[in-house]
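Peer 1: Handing you this structure, nothing more for now.
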Amino acid sequence: RSRPPPVPPLRAAPPSPARAGAAHAASPPPDEPHRISLALHGPEDTIALGAKLASLARQGDVVLLHGDYGAGKTCLARGFVRCWYSDPTEQVTSPSYLIDNVYDDPDGVAMLPGVTVHHMDLWRLPEGKINQLVDLPHVFEHCVSLIEWPERLTPDLTPAAHLALRLDIFHAGAAAVD
């Protein structure tokens, strides 16, 4: 696998009037999550965000990908996996039918050599069923996880430490992540 070209920077959208003061707001209380909203202007931005997340990820990280069908969850995962393995041609498809696409690193070329990425889609599963199919404690400790439709995890299966992203569609070709 060869190194991909540098990840293009995300284009900053001008703040909406509703969010104009948000940049100056005080930090939330310690028990509340921090919230950031970004406008993504198409698949290229979504892939770039996935790649940026890969560059920051560490073993044991769990990313919960919320959003409607077609919002860009798999597109974000594609950017993540391609950056993680330094392979801009890596085939990253939706795990809708396979449930868990596993990207092993037998050659040690990942950003963290030997750390596997699990890209799961829980849409077709009843709540909590994934635990019967995947060794979640192992995956959540030793791998990096990208989980679409995480609502299907039960609260006891959802790791306390995770990054939750919500992708929403504004109009054709544009999305927002919160």
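Peer 1: Once the convex hull of the alpha carbons of region 127-173 is built, what does its volume come to per residue, in cubic angstrom? Walk me through the numbers on the way to the answer.
Peer 2: Working: hull volume 5.1 nm³, N = 47.
Dividing the Cα hull volume of region 127-173 by its residues yields 109 Å³.
Peer 1: Here's something else I'd like to know. Out of residues 5 or more away from Arg166 or on other chains, whose amide H comes under 5 Å of its own, with H placed 1.01 Å from N in the peptide plane?
Peer 2: Placed amide hydrogens put His66, Asp178 under 5 Å from Arg166.
We did not get these values from a lab; they are worked out from the coordinates using the rules stated. Being a predicted model, the structure only gives us computed values, none of them experimental.
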